[in-house]
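Heads up: the structure comes next, in structure tokens.
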Ligand code: FDA
């Protein structure tokens, strides 16, 4: 039995649902999962970091850094905040402009479903795509639903199936296959916003310790918390830098980004010269970390025993700590996929293919990757809205 619609959206995640709420009445959105918006549900520790007050093009990585500008400026964080207000969903700023629901992330899913419903969009869950073709004017999608094959004919096809991160949650990377099938390029994809690992993890004894730090690689730095784990390094600063790090490269940790540690230690030597050096350092760094570094840096004696040159050397080791990760935890735990469908082939205004009218790509599948902090959802809202408006 053939079903005919104006618009078929593949993937009822953040971007797909936003698009369905704006694409017009004759829209069908499908997802192979049992429930829509599963990543929204688990995001932000169950509270969904749904946008960022400071979201702008500078918070995104793409082979073409200008591509995201149009959608982000036409559907902004303020537009999404207005939408939340219309649905009376309370939120708060946690840190660095990151906005979270006061209550539950599922409120955002309920809101998007209500918007879709009001727009007249239909949702088919537990429905997977078997194949897709285009006859020069319409798309024909073979879908499997409730054990039966169904054909859906659509004038517009919106691909919103996300990236490869967290396959256990149904991520397939199928968007890339569809893009290639219709002649689009896909840039190199890799796990991003992901913990970094070290062979024979030297930090295992520090597991659970965290501290604010500045992490740098390839000229990019982030000042946020670093967490030592039983597998290596994690925490917001490490997740952020993972999007810029490449195998074989080093990252540099500054363990005292906000304090002039040298002046502090020198002044303290003046006042309390008999204080043990490691005791003093434990006031500024986690005790376990000081214990870990003591043999490596040869820390010994009282403050009064340390010359200016020695203090400078210690401080340099603590503020320029160069480490070479061996890898990352991969797609198993990565929050997003870096890279994706090449933006060269898409209109930045509508997300439509430049070569096949009616074909759209939105959300994480596209080569636009946000920093940690609500930016990836903002891209999903903005790109989904842009495609919905254009349809
Ligand atoms: P998304 O992955 O949301 O949706 C794709 C949909 O397509 C899914 O519903 C999937 O089931 C479906 N699908 C896939 N393949 C299919 C197929 N072959 N057939 C049918 N359906 C298919 N971002 C942020 O800004 N703030 C945050 O707090 C977080 N937190 C967070 C936590 C965790 C644990 C993860 C993994 C990720 C985040 N993110 C985040 C990132 C954010 O979740 C992500 O960028 C968006 O969900 C991307 O939205 P999309 O709609 O593009 O893909």
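Neighbour counts of other C-beta atoms within 10 Å: give me 324, 39 arranged from fewest to most.
324, 39
Find how much the distance from residue 82 to residue 316 grows on full extension, using 0.36 nm per residue of separation minus their present alpha carbon separation; answer in nm with one decimal.
Answer, rounded to one decimal: 79.5 nm.
Give the separation of the Cα centroids, region 229-290 to region 350-385, in Å.
Each part's Cα centre sits 38 Å from the other's.
Please give the helix 106-119 orientation as an angle from the longest Cα principal axis of the chain, in degrees from 0 to 90, rounded to the nearest 10.
20 degrees
Explain nothing, just the number: relative contact order of region 228-328, from Cα pairs under 8 Å at least 6 residues apart, as a whole percent.
Relative contact order here is 45 percent.
Say R0 is 35 Å: what FRET efficiency, to the nearest 0.05, do residue 118 and residue 185 get from their beta-carbon distance?
0.40
In the P(r) worked out for region 308-391, what percent of Cα pairs fall beyond 19 Å?
Summing the P(r) of region 308-391 above 19 Å gives 56 percent of all pairs.
Quick check: pseudo-label points 7 Å beyond the Cα along Cα→Cβ at residue 135 and residue 223, how many nm apart are they?
Computed distance between label sites residue 135 and residue 223 equals 6.1 nm.
In whole Å, what are the Cα extents of region 278-346 along the three principal axes, biggest one first?
The principal-axis extents, from largest down, are 65, 25, 21 Å.
Quick check: residue separation of residue 250 and residue 69 times 0.36 nm, minus the Cα distance between them. What number comes out in nm?
Contour length minus the Cα-Cα distance gives 62.0 nm.
How big is the Kirkwood radius of region 121-257, worked out from every pair of different alpha carbons and given in Å to one decimal?
One decimal place: 18.4 Å for the Kirkwood radius.
Ratio of alpha-carbon Rg to the 2.2 N^0.38 Å globular estimate for region 111-193, to two decimals, please.
Against the compact-globule rule of thumb, the ratio is 1.25.
Angle, helix 308-319 long axis vs. longest principal axis of the chain, Cα atoms, 0 to 90°, nearest 10?
It is inclined by approximately 20 degrees.
Sorting 116, 18, 169 on the 10 Å Cβ count, fewest up front, what's the list?
So the residues, fewest neighbours to most, are 169, 116, 18.
Could you state the angle between the C-alpha long axis of helix 287-297 and the longest principal axis of the C-alpha atoms of the chain, as a value from 0 to 90 degrees rounded to the nearest 10?
Here the helix axis deviates by roughly 70 degrees.
Between residue 354 and residue 3, what's the calculated FRET efficiency when r is the beta-carbon distance and R0 is 35 Å? Round to 0.05.
Here the calculated transfer efficiency is 0.80.
Set the Förster radius R0 to 56 Å, insert the Cβ-Cβ distance between residue 104 and residue 272 as r into 1/(1 + (r/R0)^6), and round the FRET efficiency to 0.05.
According to the calculation, E is roughly 0.65.
How big is the Cα convex hull of the chain in projection, averaged over all directions, in nm²?
That works out to 20.7 nm².
Which ordering of 48, 19 is given by a fewest-first count of other beta-carbon atoms within 10 Å?
The fewest-first ordering by Cβ neighbours comes to 48, 19.
Which shape class, rounded, prolate or oblate, goes with region 176-305 when its Cα gyration tensor gives a ≥ b ≥ c as root eigenvalues, a/c under 1.5 marks rounded, and past that a/b bigger than b/c marks prolate?
It comes out prolate by the Cα gyration axes.
Counting alpha carbon pairs within less than 8 Å and at least 6 residues apart, what relative contact order, in whole percent, applies to the chain?
The value is 25 percent.
Quote the convex hull volume per residue of region 218-260, based on C-alpha atoms, as a whole number of Å³.
Value for region 218-260: 82 Å³ per residue.
Per DSSP helix of 4 or more residues, -39500 (n - 2.57); summed, then divided by the residues of the chain. What does that give at 222 nm, rounded to the nearest 500?
Roughly -8500 deg cm²/dmol at 222 nm, from the helical runs in the chain.
Kindly give the semi-axes, whole Å and largest first, of the ellipsoid equivalent to region 242-391, taking each as the square root of 5 times a Cα gyration tensor eigenvalue.
Over the Cα atoms of region 242-391, the ellipsoid semi-axes are 52, 15, 12 Å.
When the chain is fully extended, how far beyond the present Cα-Cα distance does residue 300 get from residue 93, taking 0.36 nm per residue of separation?
70.2 nm
Any read-out appearing in this document is the output of simple, stated calculations on the displayed coordinates, not a laboratory observation. Everything numeric in this text was worked out from a predicted model, so none of it was measured. Please note: Cβ atoms are built from the backbone with ideal geometry, for glycine as well, and neighbour counts cover all protein chains shown.
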